[in-house]
Amino acid sequence: MSEGVQVLDIIIFALLAGFLFFQLRRVLGRRTGNEKPPFKPMPMPGTQPGGREDNVAALPARGADAKPADAKSTGAQVGEGETSGDPGPSVADGLTKIKAADPSFSADGFLTGARAAFEMILEAFARGDAKALRPFLADDVFAKFAAAMEAREHAGEVLESTLVDIRSAELVEAQLQDRDAVITVKIVSEQVNVTKRRDGTVIDGDPNEVVLLTDVWTFRRNTRARDPNWALIATHVPN
């Protein structure tokens, strides 16, 4: 009798195990070897030389352009995961030309990558990590960023920067310059930026205040190149 019960228990457990295995495969799926690789927004292991003469490394800490995070901002803007529904004619024309030169180009994909690059560049700049910054920047822009980080280091200052949120990212200019796609993005973000001495004394900023900042960044890529990377060639802060 007991042996019959044990056999029945084994059968029941086997059925339960089979059911759970089936459910896991249905929910999680299975690997076939044909899956797409993980999406990496705007990979930038290389840089493009050159850039505009007026580019600046206007990064935190900043005071004059900062507003409390609850302040209202104006102008057409794009929330997270969104693109401008009706870009201006010049922007739309530029995007069309870039798409013609590079059929793989996507405005939505570019904005996703620009947001990711914005976050990574801010973080690397705050850490003073020139090695991490280098792949994202054109040569002359990198030189300005590196000089700013070196000056901060020599002054014995530390920048603590937290990107709280990217409120919007808007394409404001798009051009095809010979072979180069050049796109400018306006990014509105909430940040906490504090500059301290090495002993922890606050020099600038408030660690308890989230401020609203607007940055305009320009990226460039050679549409004929096999390398899909974009490089930051200019930054500025609107007046």
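Each residue of the stretch 148-159 is assigned a 3J(HN,Hα), and the resulting list reads 5, 5, 5, 5, 5, 5, 5, 7, x, 10, 10, 9 Hz, derived from the Karplus form 6.51 cos²θ - 1.76 cosθ + 1.60 (θ = phi - 60°), x at Gly and Pro. Relative to a virtual label point 7 Å from the Cα of GLU160 in the Cα→beta-carbon direction, which members of the stretch 192-231 show backbone nitrogen distances below 12 Å? Under 12 Å, as judged by backbone N against the label point of GLU160, lie 192-209 of the stretch 192-231. Residues whose amide H comes within less than 5 Å of that of ILE203, counting only those at least five positions distant or on another chain, are THR195, LYS196, ARG197 (H built at 1.01 Å from N in the peptide plane). Of the residues PHE219, GLY200, ALA148, the one whose Cα sits farthest toward the positive end of the charge dipole of the stretch 67-236, with +1 on the Cβ of Lys and Arg and -1 on the Cβ of Asp and Glu, is PHE219. Highest average first, the peptides 168-178, 222-232 ordered by how many other beta carbon atoms sit within 10 Å of their residues are 168-178, 222-232. Remark: ILE187, ILE233, ILE203 ranked as ILE203, ILE187, ILE233, counting other beta-carbon atoms within 10 Å and listing the fewest first. Non-local lysine pairs in the stretch 67-236, meaning eight or more places apart or on different chains, with alpha-carbon distances under 21 Å, amount to 7.
Every number here is computed from the coordinates shown, using simple stated rules; none is lab data. Quick caveat, the model's predicted, so the values are computed rather than measured. Ideal geometry is used to build each Cβ from the backbone, glycine not excepted, and the neighbour counts take in all protein chains shown.
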